[in-house]
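**Q** Please see the structure below; I have some questions.
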Amino acid sequence: MFITILRIELFKIFRKPRTYISFGAIAVMIILIQLAIKVQGTELINFFLGSQNSTFDYDPAKILNGYFVCYFILNTLLIHVPLLVALIAGDLVAGEANMGTLRLLVSKPVSREMLMFSKFGASVVYVVMLLLWMAVLSLFGSILLFGTNDLVVIKETGFHIISSGDVLWRFMAAFLFATLALICIASLAFMLSVFAENSIGPIVATVCIVIVFTIVQQLQVPMFQEYASPYLFTTHMLGWKGFFYVMATDENQTIRGSVENTGAILKSGLVLTGYTLFFLLLGVISFKRKDILS
Amino acid sequence: MKKSGLIIFCMVLLYGVKAQDAGALVEKIKGKYNAVKDYEANAKMKTNVVFIKAPVANIKVYYKNPDQLKIRNESGISFIPRGSVNVNMGNIFTMSHYAAIDAGTEMVNGRNTRVIKILPDDEQSDVVLSTLYIDEAQLLVLRSKTTTKENGTYELDMFYGRYANYGLPDKVRFTFNTRDYKLPKGVTFDYDNGSAEKESEKTKDKKGTVEISYSSYSINKGIPEGIFN
């Protein structure tokens, strides 16, 4: 039964033109970034590493390889993709209420829990497909355009160089983690969707929450850093980057296959899972108790 | 009065003899090092800079007398210190006009060395002062400290083995000054995995080292010009 309803929900999602806006937007953004880097990538490298030009000799063309471009794209886009996820997940229940089909839907011989889990399942499938699309375009597209070499991961206070043979698994792990992060966003939009009568509200509310949390996290105010940031899901959404922070020996030589702090990534994963379950259960329970009038 | 005049005369004479000795020793070593017209070497390079985490790189080192040197990482990415031309003594031993001053003896890596300071006469020279720690018996430079106008001070420790006859080391440790690396907050959207504090503490150290371990040299076989472009 679950699979049947899931299929129906997926049909509903992929029948709407707005679903494809996300795929189109991601494709356009990735192609634009790749094009910009192809044309003016050296300036980008200079922006990050220019302060070291007088000390070190390096080849910007080698740094600008497919892995670097993919990492840069993920760094840029994974902040914006939540908005695209909210577009679909925020519409799942509120959209039905808006169209007046929700009452009809719950009158079917299917439990409300089953209905909600199927709807959420459909949004998870959507997130996975969106990320697969992103992975194909950003990783394989960039490899095709720029080739491969070692990956230079640039951080605020330094940079890590990862051997090319040690990179692909990190991208796979990062995409899996990003899936978890976006599912968390989907669950938030889905939960808000239960309380609204049209989809604009939950979509805008989700976007606002993500923006506010991201600003709080980036403000670097000690009070926020101590008491707020560690508890915000947006902080933990960056956990995918943890796979690109490598361990090093005492002499700063990277250790192949290592991750600097696996515990921190695991913790972030657990926090995101916790938030997802909380939002999902809150949504399901609220929907179960909801007096549906539309 | 006569006595003190004699002492001063002896000191001047002694200094002159010593200075001559220092110059002669440097010339002898120059002859040995300049016998190498070019080489191509395979090596492994370890970079130890506080803000760079890098794998050990397989590199090729190309040298052409007098002072052309290129380090290439054929398969990956390396950040090579700009003063790396100093990993070869060529730029010191190609000076034609210089003053060599004897600065006594010192132990370097358990070996007694003669310390000689080289002051170039040429005002255009990038090198301001170079201190060489020389193993007199084997005519090898074990350590050098070079102060340049443009690129600060470099220190070079050389460990010899199979290619000592050519004055080429098996291992070189090159120490150089680094600059702070810090991007404005929020540019990279770093993930806080608890390592940020440790890293910012570490970046206070201003010295970096590059260690090159040579596995083989191909000496005086010719190097294509294009390599150094």
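**Q** Return the pair list, or none, for Cβ contacts closer than 9 Å from residues in segment A:35-63 that are facing chain B (nearest Cβ under 9 Å) to residues that are acidic (Asp, Glu) and surrounded by 13 or more Cβ atoms within 10 Å (Cβ to Cβ), at least 6 apart or on different chains.
**A** A:Lys62/A:Asp150; A:Ile63/A:Asp150
Okay, residues lined up against (1) in contact (Cβ under 8 Å) with a residue 40 or more places away in the chain; (2) farther than 20 Å from A:Leu266 by Cβ:
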site: A:Cys184; (1), (2): yes, no
site: A:Val194; (1), (2): yes, yes
site: A:Tyr227; (1), (2): no, yes
site: A:Lys241; (1), (2): yes, no
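**Q** Considering only segment A:191-201, I want to know if a residue exists there that is surrounded by fewer than 18 Cβ atoms within 10 Å (Cβ to Cβ), at the interface with another protein chain (Cβ under 10 Å from one of its Cβ atoms) and outside any helix (DSSP H, G or I).
**A** Looking through segment A:191-201, none of the residues is surrounded by fewer than 18 Cβ atoms within 10 Å (Cβ to Cβ), at the interface with another protein chain (Cβ under 10 Å from one of its Cβ atoms) and outside any helix (DSSP H, G or I).
**Q** Further question on the same structure: Return the residue satisfying two criteria in turn: it lies in segment B:48-81 and is at the interface with another protein chain (Cβ under 7 Å from one of its Cβ atoms) and in a strand (DSSP E or B), and of such residues it is surrounded by the fewest Cβ atoms within 10 Å (Cβ to Cβ).
**A** Here the residue is B:Asn48.
**Q** Within segment A:130-163, track down each residue that is touching a residue at least 24 places away in the same chain (Cβ under 8 Å), facing another protein chain (nearest Cβ under 10 Å) and out of contact with any Gly (no Cβ under 7 Å at 6 or more places or on another chain).
**A** A:Leu151, A:Val152, A:Val153, A:Ile154, A:Lys155, A:Phe159, A:His160, A:Ile161, A:Ile162
**Q** Considering segment A:229-260 alone, what residues qualify as being in a loop (DSSP other than H, G, I, E, B) and closer than 21 Å to B:Gly186 by Cβ?
**A** Result: A:Leu232, A:Tyr245, A:Glu260.
**Q** Next up: Could you please find all residues in segment B:32-47 being crowded, with 18+ Cβ neighbours inside 10 Å and within 14 Å of chain A (Cβ to nearest Cβ)?
**A** B:Met45, B:Lys46, B:Thr47
**Q** Restrict the check to segment A:212-224 and report whether at least one residue is among the aliphatic types (A, V, I, L, M) and in contact (Cβ under 8 Å) with a residue 60 or more places away in the chain.
**A** no
**Q** Answer yes or no as to whether A:Val216 is within 13 Å of another protein chain (Cβ to nearest Cβ), of a type in the set (A, V, I, L, M), surrounded by 15 or more Cβ atoms within 10 Å (Cβ to Cβ) and more than 25 Å from A:Ile88 (Cα to Cα).
**A** yes
**Q** Would you pick out the residues in segment A:170-206 that are under 25 Å from A:Tyr71 (Cβ atoms) and of a type in the set (Val, Ile, Thr)?
**A** A:Thr179, A:Ile183, A:Ile185, listed by residue number.
**Q** Of the numbered conditions (1) crowded, with 18+ Cβ neighbours inside 10 Å; (2) more than 14 Å from chain B (Cβ to nearest Cβ); (3) under 16 Å from the mean Cα position of the chain (by Cα), A:Thr273 satisfies every one except a single condition; which is it?
**A** Only one criterion is unmet by A:Thr273, namely (1).
**Q** Kindly evaluate A:Ile211 against the criterion of being at pLDDT 95 or above and closer than 15 Å to A:Ile79 by Cα.
**A** no
**Q** So, one more: Mind telling me which of the residues A:Phe171, A:Phe177 ends up being within 23 Å of A:Leu266 (Cα to Cα), touching a Gly at 6+ places or on another chain (Cβ under 7 Å) and aromatic (Phe, Trp, Tyr)?
**A** Testing whether each residue is within 23 Å of A:Leu266 (Cα to Cα), touching a Gly at 6+ places or on another chain (Cβ under 7 Å) and aromatic (Phe, Trp, Tyr) leaves just A:Phe177.
**Q** Quick one: in segment B:95-115, which of the residues that are closer than 23 Å to B:Lys171 by Cβ, out of contact with any Phe, Trp or Tyr (no Cβ under 8 Å at 6 or more places or on another chain) and not basic (Lys, Arg) is surrounded by the most Cβ atoms within 10 Å (Cβ to Cβ)?
**A** B:Asn112
**Q** Assigned to a helix (DSSP H, G or I) and over 28 Å from A:Trp133 (Cβ atoms): is that true of A:Glu226 in this structure?
**A** Yes: the conditions hold for A:Glu226.
Yes or no, residue by residue, for (1) within 25 Å of A:Asp57 (Cβ to Cβ); (2) more than 14 Å from chain A (Cβ to nearest Cβ); (3) at pLDDT 85 or above:
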{"site": "B:Gln124", "(1), (2), (3)": "yes, yes, no"}
{"site": "B:Leu129", "(1), (2), (3)": "yes, yes, yes"}
{"site": "B:Thr146", "(1), (2), (3)": "yes, yes, yes"}
{"site": "B:Glu155", "(1), (2), (3)": "yes, yes, yes"}
{"site": "B:Phe174", "(1), (2), (3)": "yes, no, yes"}
{"site": "B:Glu197", "(1), (2), (3)": "no, no, no"}
{"site": "B:Ile223", "(1), (2), (3)": "yes, yes, yes"}
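**Q** Taking the criterion of being of a type in the set (Ser, Thr, Tyr), touching an Asp or Glu at 6+ places or on another chain (Cβ under 9 Å), within 11 Å of another protein chain (Cβ to nearest Cβ) and buried (at least 23 other Cβ atoms within 10 Å of the Cβ), would at least one residue in segment A:120-128 satisfy it?
**A** no
Residue-by-condition table, conditions (1) closer than 30 Å to B:Phe174 by Cα; (2) surrounded by 19 or more Cβ atoms within 10 Å (Cβ to Cβ); (3) hydroxyl-bearing (Ser, Thr, Tyr); (4) more than 14 Å from chain B (Cβ to nearest Cβ):
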site	(1), (2), (3), (4)
A:Thr234	no, yes, yes, no
A:Leu238	no, yes, no, no
A:Val246	yes, yes, no, no
A:Asn252	yes, yes, no, no
A:Ser258	yes, no, yes, no
A:Ile265	no, yes, no, no
A:Ser268	no, yes, yes, no
A:Gly283	no, yes, no, yes
A:Ser286	no, no, yes, yes
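The values are calculated or read from the model by the stated rules, or taken from the named source; none is laboratory data. Note that this is a predicted model, so its numbers are computed, not measured. Don't worry about glycine lacking a Cβ; one is built from the backbone with ideal geometry, like all the others, and counts go over all protein chains shown.
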